[in-house]
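Here the structure is laid out as structure tokens; the discussion comes afterwards.
The values are calculated or read from the model by the stated rules, or taken from the named source; none is laboratory data. In this text the structure is predicted, and so the values were computed from the model without any measurement. Positions of Cβ are generated from backbone atoms using ideal geometry, with glycine treated the same way; all protein chains shown enter the neighbour counts. Side chains are part of the model used for accessible areas, which takes the heavy atoms of the whole protein and leaves out ligands, DNA and RNA. Shrake-Rupley method; radii C 1.70, N 1.55, O 1.52, S 1.80 Å.
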Protein chains: 4
Amino acid sequence: MPDLVRETGKRLRNWGRWGADDQRGTLNYITPADIVRAASLIRRGDVFSLAIPFDAKGPQIDQPRRFNPIHRMMITGPDCTTGAIRFPGGVGFSDDMVIMPLQCATQWDALSHCFEDGRMYNGYDANEVSSRGAKRNGIDKIARGIVARGVLLDMPRVKNVRWLEAGYAIGAEDLDGALAHHHVTVGRGDALLVRTGHMTLCRERGSWGDYAGGDAPGLSFHTADWMHRRQIAAVATDTWGMEVRPNEFPDVFQPLHQVCIPNMGLTIGEIFFLDELADDCARDGVYEFFFVAPPLPITGAVGSPINPLAIK
Amino acid sequence: MPDLVRETGKRLRNWGRWGADDQRGTLNYITPADIVRAASLIRRGDVFSLAIPFDAKGPQIDQPRRFNPIHRMMITGPDCTTGAIRFPGGVGFSDDMVIMPLQCATQWDALSHCFEDGRMYNGYDANEVSSRGAKRNGIDKIARGIVARGVLLDMPRVKNVRWLEAGYAIGAEDLDGALAHHHVTVGRGDALLVRTGHMTLCRERGSWGDYAGGDAPGLSFHTADWMHRRQIAAVATDTWGMEVRPNEFPDVFQPLHQVCIPNMGLTIGEIFFLDELADDCARDGVYEFFFVAPPLPITGAVGSPINPLAIK
Amino acid sequence: MPDLVRETGKRLRNWGRWGADDQRGTLNYITPADIVRAASLIRRGDVFSLAIPFDAKGPQIDQPRRFNPIHRMMITGPDCTTGAIRFPGGVGFSDDMVIMPLQCATQWDALSHCFEDGRMYNGYDANEVSSRGAKRNGIDKIARGIVARGVLLDMPRVKNVRWLEAGYAIGAEDLDGALAHHHVTVGRGDALLVRTGHMTLCRERGSWGDYAGGDAPGLSFHTADWMHRRQIAAVATDTWGMEVRPNEFPDVFQPLHQVCIPNMGLTIGEIFFLDELADDCARDGVYEFFFVAPPLPITGAVGSPINPLAIK
Amino acid sequence: MPDLVRETGKRLRNWGRWGADDQRGTLNYITPADIVRAASLIRRGDVFSLAIPFDAKGPQIDQPRRFNPIHRMMITGPDCTTGAIRFPGGVGFSDDMVIMPLQCATQWDALSHCFEDGRMYNGYDANEVSSRGAKRNGIDKIARGIVARGVLLDMPRVKNVRWLEAGYAIGAEDLDGALAHHHVTVGRGDALLVRTGHMTLCRERGSWGDYAGGDAPGLSFHTADWMHRRQIAAVATDTWGMEVRPNEFPDVFQPLHQVCIPNMGLTIGEIFFLDELADDCARDGVYEFFFVAPPLPITGAVGSPINPLAIK
């Protein structure tokens, strides 16, 4: 790992900031008062779902571990209408199940998702994330979240393009420019949603292609300081991996993750569907909203599928 | 099926009420203005998670189809710390998956979960819920929901007991009594949460026992009219099956489901954890709140695991 | 369905042949004496595995229901070597699991896999194969099998090509020609293995392509009579679907299956790896062997993954 | 770990015996000539399946990692008979899937299943069994097996009891006594099946109880030498864990496994159904047979479900 990555991580490290036992990281920035203020952003009562469909047509194509959700029925209408399966009174029920990697679609990374030098956020041993699941920093530790003020930065709109090109590294100045363009601010306890348009590209061409793991626009490594200084609670994008790809350092995988997750304790969201919300924000010029995205409290999980809602 | 069940269903039937193509049922009662008003209930910024832990210790014991969530790791801390699996730069990642029935823990029933005489809500053919999933009334149809004003009726507190006994059928007069006791009203577009204390009993004795499928307190069949008249958007309880068990008609399985789901198009929630919220409501005397419980938009699913949030 | 398909099925129908309760079909042709005779074919003690590897690189690509086996570890070496998971005495164990369609790789079709006009083999109602599994004709009914004399017909070798072209329908005269070429006979109670070379093609080009469900050489519909007359116990090929594709009747899916499975009660094997065995048979000129392919006795299953062995 | 366990392991260690690259261990004892001789034991053509049913009623009750097979349909008879799912020509198909730990029912342990001091059989690093599966000693390495002469030792019959009591440690002298009683020998390359009657007990009482992981009769630690000296190829029992439980050393888990798997490279089978075979052997006085139990060649797996056959 390049020195810069390790040094940046060390510099922005939040270990101990919220106590030696903390497992929530930057979500601690969100105060009850922030939530009350965020609620005041619900002005029209319009709800936007930021999740992609969870199904076999998802973006996990030829991935080493992750696959698209496998949804299977356990009892069906035809079981009941034919009398093959009978319930008292002749009524009928259906039931179903899913098999899915927790990070196969729209999702939160838990703070146990990423390790640096054998350590997790707050200094916990990476070996605490064994095959038994995450004893520390599991997604279950943030079951009450994430509720916050959300801010959308719609980079393609700012730059007047349909989408950023793969490989485009969104820098701190880009983020500042977008804030100015949108006449919005972002700060302590906010959930920052950055639209790159990469998912728009996939939707327009009708295929995910190498969306999962391939080249993509995304946040530059150098935005870590910017997010740290502003005390962002969570960050999410419409891409597979939040940060720009190819990565900015040839010899380290997802370097911004290294700084954000194990060091800052910053919750990261990925594969967010932001197009519809972005269109609405462009229409009314309001880029802030009530944001709520509760993870499934799967005990010891290192991520969670979510259906984030933005409410304006 | 007894005539009363079929007649009640027919009488309270909402087919066509929101158009021949509707797949959202009583969630249509919720207007944007309702959501704005509900947001005003966020006064302190306190968030309550109404989900039970999703893990192997859940309530699905010896059930015919449903089982508790199976969470398994796909890459772990030890994989990384030993170098057994290497990423460029020596960084480390963990990843995991889940196998679970969609209704194994805290959940919404989709409107495709229940059939009467071969029909679903809005008259759709039950055979449209084949092994390929629900073509109609799937949970994906309510991806933007459920955001509403929530109202808790804490029956044990009203009756000054720790929990209602198994078999206790909560009647309309019980609901009215609770509203009066709590100094709260419930009406069009609200999410009604009814606490029976049955989960409290399980937690105190340290085992789920026959929580799934066994005898339990719950709503009486005769509350269907009450809910219909008040134009409730969704109803949920802290029990496995919402309605009282043993069922009130010996020869029909879950008769209230038959009226609510295929006829009224009422979204039902089950296995909600309401104890913590109830304690808070007792403390401050406020039994209404902002309620948000987005389902995972699994295409064609007949239910969804959820982590409902109540925000006061 | 064309009349010819239905008529052929009716003509070759074995319903009742082995009793009204039979669920084993043509496997009944195999007598204990046949097994003893088959054992005498074990002359050199060489064992050939006829299974493909069960893993993520299998042939199920973009299929509507089937996917390749998902193998995941539940406890690993690194869990133990790091002490993340400890057993008394410091010993270590690994454990794993699989998620797989039962017909995703080398497999037997059970007699409950295919229906004609709502009926299964021996006249059972197709509705007996509900979401609860197959009450009749499940793979568990043939747990003692399949042990038989095996005969390989190596069609490409007979025709002096590397593989038959996709769409080539192997006819009865082809089978007779191969028997003559190989100086072997096939008859009552035998397991007939037919090599088309289609898997060889996939292996040589390094990709499965549309092996699953695409065009392929295979048995002609018109071999049904030939197999019936010879009282074959089971038939298997190195292709996805045993019979030629595109199917010989444009308006019916897998017509030979319709005759073989629901009518004849013939057990069909697919995705057999026959190349190594074929090479050996070419070397020694012996195309018969002891054949054993026990299914996993999964209760109510309509197929089973297998590792068939040919022993010479 | 007690010195005796480690010393015994070291003394009986077969590392390098079949080459530095060997991954088959004691299965190397089986020669082609042995297989030919074993075939001569097929005298009557009777086949015995030694697998228990693979279903939800299996023995995995409240286990930390393993669960019973989850079999689910993917398309059913009712889907077809109702026309909910249509195939060209009106034909019908069913399909299904399974989710199962590879060692949940009748099974082989792979040589990668067990580690001592961070090493596997033949000295390979235990870290080679990461979350990616077993790079070494995977079950796929024995895809051609196991074909051998089988010998059954029916301990309860020898001792004239219905089953051995839980905790009974079958010693070398017991094994010798059984050989004498049965007038059979066991030696190089044989598969040794030892019946304790523990499964008989479960079947008679109608419940598995603590069969998985609880107290049970089984082989004594001190039979390791006996098996090593006789050059057994594989050993299997009708119990969950092959060796006696409680284990004979209080401070080490499954000590005989430690000697057999990582040191000797002995393939171990568990949860074998031996009652029917045992009855037959008692009837005809013949305790040897042709034994064949091919694992599913799941790439990198550390065990495999099997349907072992004994053929007499």
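Key figures
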item	result
FRET efficiency estimate (nearest 0.05) - Cβ-Cβ, residue C:117 to residue D:183, R0 35 angstrom	0.05
Cα-Cα separations in region D:83-160 greater than 19 Å, expressed as whole percent	64
Accessible-area value, residue C:215, 1.4 Å probe, nucleic acids and ligands omitted, Å²	70
Share, in percent, of DSSP beta bridges within the protein assembly as shown that are antiparallel, nearest 5	65
Rounded percent of accessible protein surface that carbon and sulfur make up, region A:1-138, 1.4 Å probe	48
Closest Cβ on chain B to the rotation axis that carries it onto C (distance rounded to whole Å)	B:78, 2
Shortest-first nm distances, residue A:86 label point to equivalent points in other copies (7 Å, Cα→Cβ)	3.0, 5.7, 6.5
Antiparallel bridge percentage (DSSP; both residues within region A:188-312; nearest 5)	35
Lys, Arg +1 and Asp, Glu -1 on Cβ, resulting dipole of chain B about Cα centre, debye, nearest 20	700
Label geometry 7 Å along the beta-carbon vector: residue C:225 inter-copy distances in nm	7.2, 7.2, 8.5
Solvent-accessible area buried by pairing B with A, both sides, nearest 100 square angstrom, 1.4 angstrom probe	6900
Relative counts (whole %) of C-alpha pair distances in the protein assembly as shown, using bins that are 20 Å wide	11, 37, 36, 14, 1
Beta bridges by DSSP in chain B, antiparallel share as percent, to the nearest 5	65
Dipole magnitude of region C:1-126, debye to nearest 20 (Cβ charges: Lys/Arg +1, Asp/Glu -1, about Cα centre)	320
For region C:62-71, Karplus couplings with θ = phi - 60° (6.51, -1.76, 1.60), whole Hz, Gly/Pro x	6, 8, x, 10, 7, 9, 6, x, 9, 9
Cross-link pairs beyond the 18 Å C-alpha cut-off, checked among C:135/D:57; A:135/B:57; C:57/D:135; B:10/B:135	B:10/B:135
Contact order relative to length of chain B, as percent, for alpha carbon pairs under 8 angstrom and 6 or more apart	31
Distance from region A:226-283 to region A:1-62 (C-alpha centre basis), Å	9
Mean separation of Cα contacts under 8 Å (6+ apart) over length of region B:162-276, as relative contact order %	32
Rounded accessible area of residue D:226 (nearest 10 Å², 1.4 Å probe)	0
Overall form of region C:196-296 per C-alpha gyration tensor (a/c, 1.5; a/b vs b/c)	oblate
Loop-resident sites, region B:235-273, for chymotrypsin sites (Phe, Trp or Tyr not before Pro), counting at most 10 other Cβ within 10 Å (DSSP)	none
Rounded to the nearest 10 Å², the accessible area of residue C:131 at probe 1.4 Å	10
Signed unit charges on C-beta, dipole axis of region A:268-312, positive-most listed residue A:281, A:269, A:300	A:300
Net charge of neighbours whose Cβ lies under 13 Å from the Cβ of residue C:143, counting Lys and Arg as +1 and Asp and Glu as -1	0
Charge dipole magnitude, Cβ of K and R +1, D and E -1 - region A:43-186, Cα centre, debye nearest 20	380
Relative contact order, percent, region B:1-96 [alpha-carbon distance under 8 Å, six or more residues apart]	15
Net charge of neighbours whose Cβ lies under 11 Å from the Cβ of residue A:245, counting Lys and Arg as +1 and Asp and Glu as -1	-4
For residue B:20, inter-copy label distances in nm, listed shortest first [label point 7 Å out on the Cα-Cβ vector]	4.9, 7.0, 7.8
Probe 1.4 Å, protein heavy atoms only - accessible area per residue of the protein assembly as shown in square angstrom	31
